[in-house]
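Take a look at the structure set out below.
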Amino acid sequence: MNSIYIITTAEQLEAVRNNLGADYKLGADINLSGYGASYDGGQGWQPIGTNSSPFTGSFDGSGYTISNLYINRPGTDDIGLFGYTNNAAFTNIHLAGVNITGRENSGGLVGNNYISPVSSSYSTGSITGDNTAGGLVGGNGGTVSSSYWNTETSGQATSAGGTGLTTAQMKQQSSFPSPAWDFSNVWSIQAGATYPYLQWQGITNIDKAPPVAAFTPANGAMGVEVNASLTITFDEPVKDTNGSDITNAASLVTLKKGSSGGADVAFTAAIDSSKKVITVTPSGNLENTQAYYIAVAAVEDAAGNTTAGASVTFTTEAAAPTQVATPTATPASGATVANNSTVTFATATSGATIHYTVGWK
């Protein structure tokens, strides 16, 4: 009997490429954010297996989730978590929030699947490619059974293998028929709230709360400085509602004068490395004594819980009083002058009061 390698870290999953014919099994959820948009020159994860060196082993996901798979290789074929497979086998693999761009044969789980059965697996997230791009499998020469992909988040209406479901359908038990999906002894699902998860994980481990946004300035704030920093802080890391990383924070933010129907205010926006804080920087100082409306669009957390968006209004400070300089006059104020003397001001002056003592001669 072949040894089965248990994978519990992203680094161990990455090392699968060093032994392409072995048998593997997940022993924990895997977060691949460390192999994201800043990895390998911006290309992200390197698919496991190529046409010349395919993956030929087996991979059992054990119902655990592999999240934040990012690949940006638009000029490369055979793109997915696994690039090219030959007589391999995949089962119980769950991919959440993939963001994949490839060329020919691009899929969430396997780019080019040759004679490799896939069962009881699913993928959610964005897939972009040329011909033979699919939500779960790109090019397929194997059997795919009881496996699914999210047609809404992936942007793919078709796949070479598997069944396409909407987000709502993927959160319903009826979409996952038995016996492949045993909800009596193995699987659980919270209708309308979660994708399938293993019963031993327990409902207490399932995140059903959407992210919560806090604004600075807060709603109704008065006297806000015209050069104040504007931030939107979430209580957990957030993603775009398609499950991909936020790469254009400005597209999620609205900044207007007065109200939601007011004039647009130009700004830039960026999200920090924690994926919790969006900083909004107006192109110039805000106007004094002006109400402003700021809003953030819907986002989601790693569990797929989506916000409904949020907004606040605030009012900036009044302009500081203009400081009037003391006029300079000749003779100076307080001097003793002769009757009918001429007073000369250094600059044009309006409403100045000068005091003199007039000496009679």
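A short reminder: the numbers here are calculations on the coordinates, not readings from a lab. Not measured: the values here are computed from a predicted model. Cβ placement follows ideal geometry from the backbone for every residue including glycine, while neighbour counts extend to all protein chains displayed.
How big is region 125-235 by the Kirkwood estimate over distinct Cα pairs, in Å?
Numbers: mean 1/r = 0.0577 Å⁻¹.
It works out to 17.3 Å.
Ordered by the count of other Cβ atoms within 10 Å of each Cβ, fewest first, L26, L109 give L26, L109. When the charge dipole of the chain is built from unit charges on Cβ atoms (+1 for Lys and Arg, -1 for Asp and Glu) and taken about the Cα centre, the candidate among I7, S67, L81 whose Cα reaches farthest toward its positive end is S67. Each residue, S259 and S53, gets one label point 7 Å from its Cα in the Cβ direction; the gap between the two is 6.4 nm. The listed peptides 140-146, 15-21, ordered by packing as a protection proxy, come out as 140-146, 15-21 (highest mean of other Cβ atoms within 10 Å first). Each of W187, W200 has some number of other Cβ atoms within 10 Å of its Cβ, and from fewest to most they run W200, W187.
Please find, in a Gaussian network model of the chain (springs between Cα atoms separated by less than 10 Å), the residue of G164, G41, G49 whose mean-square fluctuation is greatest. Result for the chain, Cα springs under 10 Å: G41 fluctuates most.
Among the listed options (i) 31.8, 127; (ii) 29.3, 102; (iii) 19.6, 63, the one matching Rg and Dmax of the Cα atoms in Å as calculated from these coordinates is (i). The charge dipole of the chain, taken about its Cα centre with unit charges on the Cβ atoms of Lys, Arg (+1), Asp and Glu (-1) only, comes to about 800 debye. With a Förster radius of 22 Å applied to the beta-carbon distance between S174 and A308, the computed FRET efficiency rounds to 0.25.
Only Cα sites of region 4-170 enter the Debye sum here, all with the same form factor; the resulting log10 I(q)/I(0) across q = 0.17, 0.20 1/Å is -0.89, -1.32, listed in q order. Take the Cα of A157, step 7 Å toward its Cβ, do the same at Q12, and the gap between the two points is 4.2 nm.
Check the chain and count each lysine pair with an alpha-carbon distance under 28 angstrom, considering only pairs eight or more places apart or from different chains. Lysine pairs meeting the criterion: 18. The label point for T143 and the one for S119, both projected 7 Å from the Cα toward the Cβ, are 0.8 nm apart. Go through S251, S174, P321 and say which Cα lies farthest out towards the positive end of the charge dipole of the chain; charges sit on Cβ, +1 for Lys and Arg, -1 for Asp and Glu. Positive-end residue among those listed: P321. Note on the chain: antiparallel DSSP beta bridges, both residues inside, total approximately 40 percent of the bridges counted.
Per-peptide packing, taken as the mean over residues of other Cβ atoms within 10 Å, places 240-247, 72-79, 90-97 in the sequence 90-97, 72-79, 240-247 from highest down. Net length available on complete extension from K276 to N219 is 18.6 nm, with 0.36 nm assigned per residue and the Cα-Cα distance removed. Computed about the Cα centre, the dipole magnitude for region 4-170 is approximately 80 debye when only Lys and Arg (+1) and Asp and Glu (-1) carry charge, each at its Cβ.
Taking region 293-312 and a reference point 7 angstrom along Cα→Cβ of D235, the backbone N atoms nearer than 19 Å belong to 296-312.
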